[in-house]
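A.B. asks: Sharing a structure, written as structure tokens. Questions coming.
Laboratory data are not the source of any read-out in this text; all were calculated from the coordinates shown. Bear in mind that the values here come from a model prediction, so they are computed numbers and not experimental data. Glycine also receives a Cβ, built like all others from the backbone with ideal geometry; neighbour counts cover every protein chain displayed.
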There are 2 protein chains.
Amino acid sequence: MVQEKGYSVSSSDSSRQKSKKPRQARDAEATQAQILDAAEEEFARYGLAGTKIDEIAARTGVVKAMIYYYFKSKEGLYQAVMQRIGSELDIVSEQLVSDSLSIQEAIEASIRSGITYGAMYPHRGMLWFYEAIQNQGQYGQSSGWQKSFWGITTILERGMAEGVVRSLDPFLTAINILGVCTFYFNAHENLKYLDPARQLLSAEAIEQQIQAAIDLIWAGIKA
Amino acid sequence: MVQEKGYSVSSSDSSRQKSKKPRQARDAEATQAQILDAAEEEFARYGLAGTKIDEIAARTGVVKAMIYYYFKSKEGLYQAVMQRIGSELDIVSEQLVSDSLSIQEAIEASIRSGITYGAMYPHRGMLWFYEAIQNQGQYGQSSGWQKSFWGITTILERGMAEGVVRSLDPFLTAINILGVCTFYFNAHENLKYLDPARQLLSAEAIEQQIQAAIDLIWAGIKA
DNA sequence: ATTTTAACTGAAAGTTTGGTCAGTAGTTGA
DNA sequence: TCAACTACTGACCAAACTTTCAGTTAAAAT
């Protein structure tokens with residue numbers, strides 16, 4: 001449903017932790033992946049213009065010049081980040097719109113898949129916003145989101161045809177479903193002020209949110 | 001429901017349009033409001049770090065030094081912007097949680113109010129995200145949102161007690177309702193790529209979205 | 001061993017941008 | 001009409017940030 005490709009797993013792991021490790025011996029691929037990981041998080045926090053190369057370098061433990069060595073410019077690095085996301089993105093699988101699942105199952109699987117992806121990369125939703133707002137989508141309006149959107153509208157239309165989904169606007173409803181799937185993570189930094197005790201990104205909290213979302217949406221659209 | 005205070009209306013109007021007007025004669029209040037308007041939009045697009053003072057000055061038609069004259073620093077300007085938003089914010093009125101409305105009416109009014117506010121200031125949702133993600137909410141985690149959130153949980157709890165709302169998690173459901181109300185505007189720049197013909201911010205589109213949201217949410221939570 | 005290649009570094013150059021300042025010009029009040 | 005005040009301006013400075021580069025070290029190739 002959601003899977004990584006390219007860039008070894010180990011590199012991804014090692015760089016996610018902030019502590020400045022002694023850094024591995026010369027390993028081009030690992031270094032690039034580390035830079036990309038740190039860059040992705042920084043870009044997701046501050047956007048293209050707001051991100052500082054020094055900050056990425058500091059987080060990576062690599063010297064600044066390394067970034068230019070591999071990615072030639074800040075923009076080049078940003079492009080590489082967006083490209084990697086695009087290539088990893090395979091959220092709502094093609095199967096969901098096929099006939100193997102019932103409408104209800106397909107909707108539920110879509111929601112579960114969307115929220116699971118959000119839990120895996122809680123910061124990417126913001127990157128997606130940034131890209132459209134700050135850069136007019138010039139660096140890739142990742143087609144993955146589009147696909148999952150149209151997948152949902154298709155399921156909704158089929159549901160209405162079958163009579164299991166009430167009469168509704170598939171376009172707006174798909175937007176609102178996506179909204180439920182993504183808001184939790186986009187607003188996570190805000191929401192934590194509401195109840196600091198609640199661990200919003202814990203596995204149990206995510207599972208509860210998946211159930212709450214499924215219950216809300218399915219009750220909201222069923223005939 | 002939603003109302004402005006301070007800063008004259010005319011100033012707000014004149015600066016919203018991008019074309020460089022000849023600028024009015026010396027009018028301290030109007031100039032400040034113009035700067036604040038332009039700053040709010042820029043900050044909402046690029047965040048605190050990503051925004052350039054020169055850009056704000058260019059949009060305002062005022063010279064850069066003017067901004068420092070009135071707001072003393074970029075941070076000061078940002079604070080002023082956040083403060084103005086906080087003072088204008090009066091979204092979900094206190095009445096909604098009172099007994100004058102039925103549960104269903106209160107929920108519908110909350111949704112309508114939230115979306116109407118979003119339509120008025122489509123960019124402010126991003127400012128809200130930025131504030132938490134980039135600045136750890138140090139410049140005001142505008143209490144307005146918090147109030148409307150807890151207002152919704154209260155309504156939901158009352159609804160469950162009355163038996164008109166099904167058994168659900170009020171905390172998560174309130175989050176998801178807020179998600180539906182805000183995603184449409186936050187993602188507006190992304191969504192426009194889906195169907196360029198659709199005018200997402202037109203009055204009719206907004207009204208349709210209000211209806212779609214109300215229908216989805218109420219069907220989703222009613223007993 | 002020795003040459004070659006590629007990963008890596010520190011420092012400095014070049015550019016952008018936040019912030020200042022001395023001075024100008026309307027406006028108000030005496 | 002003159003003085004005092006305040007809005008406003010253009011040029012300039014300093015700090016921050018991006019980008020470059022000459023040089024160093026580890027690994028691979030011969």
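A.B. asks: Summarise the partner chain shielding of B:186-198 as one whole number: the mean count of Cβ atoms from other chains within 10 Å of each residue's Cβ.
C.D. replies: Numbers: counts 10, 12, 4, 9, 12, 7, 2, 6, 9, 1, 0, 0, 2.
Average neighbour count from other chains, rounded to a whole number: 6.
A.B. asks: Still on this structure, please answer the following. Output wanted: per-residue J couplings in Hz (rounded whole) for the stretch B:42-54, from phi through Karplus 6.51 cos²θ - 1.76 cosθ + 1.60, θ = phi - 60°, x for Gly and Pro.
C.D. replies: The phi angles translate into 5, 4, 5, 7, 10, x, 5, 5, x, 7, 10, 4, 4 Hz.
A.B. asks: Sticking with the crude label model, points 7 Å out along Cα→Cβ, report the distance from B:Tyr193 to A:Ala223 in nm, one decimal please.
C.D. replies: 3.6 nm
A.B. asks: For each pair in A:Lys192/B:Lys147; A:Lys52/B:Lys74; A:Lys147/B:Lys192; A:Lys74/B:Lys64; B:Lys72/B:Lys147; A:Lys192/B:Lys72, compute the distance between the two Cα atoms and list the pairs where it is over 22 Å. If you can, show how the numbers build up before the last one.
C.D. replies: Working: A:Lys192/B:Lys147 15 Å; A:Lys52/B:Lys74 18 Å; A:Lys147/B:Lys192 15 Å; A:Lys74/B:Lys64 27 Å; B:Lys72/B:Lys147 32 Å; A:Lys192/B:Lys72 32 Å.
Beyond 22 Å: A:Lys74/B:Lys64; B:Lys72/B:Lys147; A:Lys192/B:Lys72.
A.B. asks: Just to be sure I understand the model, the point goes 7 Å from the Cα along the line to the Cβ. What's the resulting A:Gln83 to B:Ser202 distance in nm?
C.D. replies: Reported label-point gap for A:Gln83 and B:Ser202 is 4.0 nm.
A.B. asks: Using θ = phi - 60° and the Karplus curve 6.51 cos²θ - 1.76 cosθ + 1.60, what whole-Hz ³J(HN,Hα) does each residue of the stretch B:156-169 get, with Gly and Pro shown as x?
C.D. replies: So the Karplus estimates, Gly and Pro as x, are 4, 5, 4, x, 5, 4, 6, x, 8, 10, 5, 5, 7, 8 Hz.
A.B. asks: Is the stretch B:89-221 rounded, prolate or oblate when judged by the Cα gyration tensor, a ≥ b ≥ c being the square roots of its eigenvalues, rounded requiring a/c under 1.5 and prolate requiring a/b larger than b/c?
C.D. replies: It is oblate, given that a/c is not under 1.5 and a/b is not larger than b/c.
A.B. asks: What FRET efficiency, computed as 1/(1 + (r/R0)^6) with R0 = 45 Å and r the Cβ-Cβ distance, is obtained for A:Gln104 and A:Glu29, rounded to the nearest 0.05? Mind dumping the intermediate values first?
C.D. replies: Values: r = 44 Å, r/R0 = 0.97.
Approximately 0.55, to the nearest 0.05.
A.B. asks: Moving to a separate point now. Mind checking the mean number of beta-carbon atoms from other chains within 10 Å of the Cβ atoms in A:214-222? Present the calculation step by step, with values, prior to reporting the outcome.
C.D. replies: Details: counts 0, 9, 13, 5, 2, 9, 12, 4, 2.
So the per-residue partner count for this stretch is 6.
A.B. asks: Quick query: amide H of B:Lys222 versus all other amide H atoms, modeled in the peptide plane; which residues come in under 5 Å with a sequence gap of 5 or more or a different chain?
C.D. replies: Close amide H contacts, sequence-distant or interchain: B:Arg166.
A.B. asks: Given R₀ = 51 Å, FRET efficiency for B:Gln146-A:Ala161 by Cβ-Cβ distance, to 0.05?
C.D. replies: 0.75
A.B. asks: Relative to the other copies, what are the label-point distances for B:Ala49, with labels 7 Å from Cα along the C-beta vector, expressed in nm at one decimal and sorted shortest first?
C.D. replies: Values, ascending and in nm: 1.4.
A.B. asks: What is the average number of partner chain Cβ atoms found within 10 Å of a Cβ in B:167-173? Please report the intermediate quantities before stating the final value.
C.D. replies: Values: counts 1, 5, 6, 0, 8, 12, 4.
Shielding by partners across B:167-173 averages 5.
A.B. asks: With just the Cα atoms defining each centre, how far is the stretch A:180-223 from the stretch B:125-179? Give it in Å.
C.D. replies: 11 Å
A.B. asks: Could you give the nm distance between label points at A:Ala49 and A:Thr154, where each point is 7 Å from its Cα heading toward the beta carbon?
C.D. replies: A separation of 3.8 nm, rounded to one decimal place.
A.B. asks: Based on the mean of other Cβ atoms within 10 Å per residue, sort peptides B:194-203, A:176-185 so the most packed one is first. Before the final figure, lay out the partial values.
C.D. replies: Details: B:194-203: 12.2, A:176-185: 26.2.
Result, highest mean Cβ count within 10 Å first: A:176-185, B:194-203.
A.B. asks: Hey, another quick one. Skipping prolines and chain starts, which residues have an amide H placed within reach, meaning under 5 Å, of the one on B:Ala187, given they are 5 or more residues away or on another chain?
C.D. replies: Here nothing satisfies the definition.
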